[in-house]
Amino acid sequence: MVALIALGLVLTRVLGKTTPKVSKDDAVAVARPNVDFKPQGYNIRLVRQGIPPRPVWAVSFWIRKSGGGYSRITLVLVDANSGQITQVRRTT
């Protein structure tokens with residue numbers, strides 16, 4: 001059982017190490033039309049999802065509240081290999 005767990009961990013680490021084909025700038029350009037407000041800014045990070053892990057750009061567009069925090073956030077997940085949008089999450 002321990003050997004299977006170790007093999008699984010090795011495979012997910014080896015298979016998950018891919019260089020994204022879609023750049024940060026391209027991911028932002030693909031994600032931007034899915035935002036229904038004028039954002040004050042955005043954050044972007046590369047995350048890995050699934051088994052085997054696939055690289056996904058998580059692009060968060062936001063508007064800050066005057067007292068702190070955020071009044072609106074839209075998170076768009078962009079597949080870092082294909083450039084396809086995999087999910088859009090909105091908060092109001």
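Here are some notes:
- Matching residues in region 47-82 - criterion: being in contact (Cβ under 8 Å) with a residue 60 or more places away in the chain and in contact with a Phe, Trp or Tyr (Cβ under 9 Å, 6 or more places away or on another chain): Ala80
- Those strands (runs of 3 or more DSSP E) lying entirely in region 20-92 with at least 3 residues open to solvent by 70 Å² or more (accessible area, probe 1.4 Å) and either within 30 Å of Gly8 (Cα to Cα) or out of contact with any His (no Cβ under 6 Å at 6 or more places or on another chain) (or both): 41-49, 85-91
The values are calculated or read from the model by the stated rules, or taken from the named source; none is laboratory data. Here the structure is a predicted model, which is why all the values come from computation and not from measurement. So basically every Cβ, Gly included, is an ideal-geometry build from the backbone, and we count neighbours across all protein chains shown. Remember, those area values only see protein heavy atoms, side chains included, never the ligands or the DNA or RNA. Shrake-Rupley method; radii C 1.70, N 1.55, O 1.52, S 1.80 Å.
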